[in-house]
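Peer 1: Let me begin by handing over the structure; questions about it come next.
The values are calculated or read from the model by the stated rules, or taken from the named source; none is laboratory data. Quantities reported herein were computed from a predicted structural model and do not represent experimental measurements. Neighbour counts run over all protein chains shown; Cβ positions are idealised from the backbone, glycine included.
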Amino acid sequence: MDIKLSQCFIAVDDHDKAVPFYRDVLGLEVRNDVGYGGMRWVTLGAPSQPDVDIVLEPPLADPNASDADREAVAELLAKGLLRGVIFATEDCDATFERIRAAGGEVLQEPIDQHYGVRDCAFRDPAGNMLRFSQPRK
C-alpha cells in the first residue's frame, strides 16, 4: 500500500484574519479560495510541498447543525481545542523569532523535548495551536 498525506483541515472563524497569518507570517502560498453557501474554504501550502494542502475551513460546515452545536464548536475553537498542526522546520529558534516578531501569540518558547525534538508553539488568529519542530542534534 502506498499512501501519503494530501490535505489537512484547520477550522477558523475569520478567514480574513487567518489567511494573512498563514500566508504572510508562515509563508504559505494560497492555492484556492472557494465560497459556497455563505461559507469559505481557503487552501494553502508550503511551496516545498506542492502535494500537501492545508484547508482553512469554517468551524462547522454543516447546514443541518443546530445552534447549540454551532455554539459548542465556537467555544472549542476559542479555547484552541479543535485541531493542532505540527510544522517541520530546520531552525526552530529562527522560526520562533520570525513568528513572534510578526505578532504571533506565543504558547511555548523553543525547548528541547525529551522525545528528541526542539519545538515551540503559537496560536493562530482563530486559537488553534501550531507547533514548529526540528530534530534535536
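Peer 1: Return yes when ILE3 is among the hydrophobic types (A, V, I, L, M, F, W, C) and in a loop (DSSP other than H, G, I, E, B) and no when it is not. Reasoning before the result, please.
Peer 2: On the way: among the hydrophobic types (A, V, I, L, M, F, W, C): yes; in a loop (DSSP other than H, G, I, E, B): yes.
Yes; evaluated as a whole, the condition is true for this residue.
Peer 1: Is it true that ASP112 is surrounded by 11 or more Cβ atoms within 10 Å (Cβ to Cβ), acidic (Asp, Glu) and without any contact (Cβ under 8 Å) to a residue 40 or more places away in the chain? Lay out the reasoning, then the answer.
Peer 2: Working: surrounded by 11 or more Cβ atoms within 10 Å (Cβ to Cβ): yes; acidic (Asp, Glu): yes; without any contact (Cβ under 8 Å) to a residue 40 or more places away in the chain: yes.
When the stated conditions are applied, ASP112 passes them.
Peer 1: Taking the condition surrounded by 13 or more Cβ atoms within 10 Å (Cβ to Cβ), assigned to a strand (DSSP E or B) and modelled with pLDDT of 95 or more, does ARG23 pass? Before the answer, list the steps.
Peer 2: Values: surrounded by 13 or more Cβ atoms within 10 Å (Cβ to Cβ): yes; assigned to a strand (DSSP E or B): no; modelled with pLDDT of 95 or more: yes.
For ARG23, the condition - surrounded by 13 or more Cβ atoms within 10 Å (Cβ to Cβ), assigned to a strand (DSSP E or B) and modelled with pLDDT of 95 or more - is not met.
Peer 1: Return the residues of segment 123-137 that are in contact (Cβ under 8 Å) with a residue 24 or more places away in the chain and either outside any loop (DSSP other than H, G, I, E, B) or surrounded by 14 or more Cβ atoms within 10 Å (Cβ to Cβ) (or both); say none if nothing qualifies. Break it down into steps so the answer makes sense when it comes.
Peer 2: As a first pass, look at segment 123-137 and keep what is in contact (Cβ under 8 Å) with a residue 24 or more places away in the chain: 123-134, 136.
Scanning segment 123-137 gives ARG123, ASP124, PRO125, ALA126, GLY127, ASN128, MET129, LEU130, ARG131, PHE132, SER133, GLN134.
Peer 1: So is ARG70 at pLDDT 95 or above and farther than 27 Å from LEU5 by Cα or not? Full working, then the answer.
Peer 2: On the way: at pLDDT 95 or above: no; farther than 27 Å from LEU5 by Cα: yes.
No; evaluated as a whole, the condition is false for this residue.
Peer 1: Something else about it: Within the bounds of segment 90-98, is there any residue that is surrounded by 13 or more Cβ atoms within 10 Å (Cβ to Cβ), farther than 25 Å from VAL34 by Cα, in contact (Cβ under 8 Å) with a residue 24 or more places away in the chain and among the β-branched types (Val, Ile, Thr)?
Peer 2: The answer is yes; a qualifying residue exists.
Peer 1: For segment 75-89, which positions are surrounded by 14 or more Cβ atoms within 10 Å (Cβ to Cβ) and without any contact (Cβ under 8 Å) to a residue 40 or more places away in the chain?
Peer 2: LEU76, the sole residue that qualifies.
Peer 1: For segment 96-122, what are the residues that are among the small types (Gly, Ala, Ser) and either touching a helix residue (DSSP H, G or I) at 6+ places or on another chain (Cβ under 7 Å) or in a helix (DSSP H, G or I) (or both)?
Peer 2: Applying the first criterion (among the small types (Gly, Ala, Ser)) to segment 96-122 yields 101-104, 116, 121.
Answer for segment 96-122, where residues must be among the small types (Gly, Ala, Ser) and either touching a helix residue (DSSP H, G or I) at 6+ places or on another chain (Cβ under 7 Å) or in a helix (DSSP H, G or I) (or both): ALA101, ALA102, GLY104.
Peer 1: Further, regarding this structure: Please determine whether any residue of segment 12-20 is loosely packed, with under 12 Cβ neighbours inside 10 Å, in a helix (DSSP H, G or I) and charged (D, E, K, R).
Peer 2: Yes: segment 12-20 contains one or more residues that are loosely packed, with under 12 Cβ neighbours inside 10 Å, in a helix (DSSP H, G or I) and charged (D, E, K, R).
Peer 1: Is it the case that some residue within segment 48-66 is touching a strand residue (DSSP E or B) at 6+ places or on another chain (Cβ under 7 Å), loosely packed, with under 12 Cβ neighbours inside 10 Å and modelled with pLDDT of 95 or more? Steps first, answer last, please.
Peer 2: Our first condition is that a residue be touching a strand residue (DSSP E or B) at 6+ places or on another chain (Cβ under 7 Å); within segment 48-66, this holds for 52-59, 61.
With the extra rule that they be loosely packed, with under 12 Cβ neighbours inside 10 Å, the set shrinks to none.
No; the residues of segment 48-66 include none that is touching a strand residue (DSSP E or B) at 6+ places or on another chain (Cβ under 7 Å), loosely packed, with under 12 Cβ neighbours inside 10 Å and modelled with pLDDT of 95 or more.
Peer 1: So, ASP119, is that one of a type in the set (Asp, Glu), within 25 Å of VAL30 (Cβ to Cβ) and either touching a residue at least 24 places away in the same chain (Cβ under 8 Å) or surrounded by fewer than 18 Cβ atoms within 10 Å (Cβ to Cβ) (or both) or not?
Peer 2: Here the answer is no, as ASP119 does not meet what is asked.
Peer 1: While we're looking at this one, here's another question. Which of the strands (runs of 3 or more DSSP E) contained wholly in segment 26-74 include at least 1 residues that are of a type in the set (S, T, N, Q)? Outline the logic, then answer.
Peer 2: Numbers: elements: 29-36, 39-45, 53-57.
Correct list: 29-36, 39-45.
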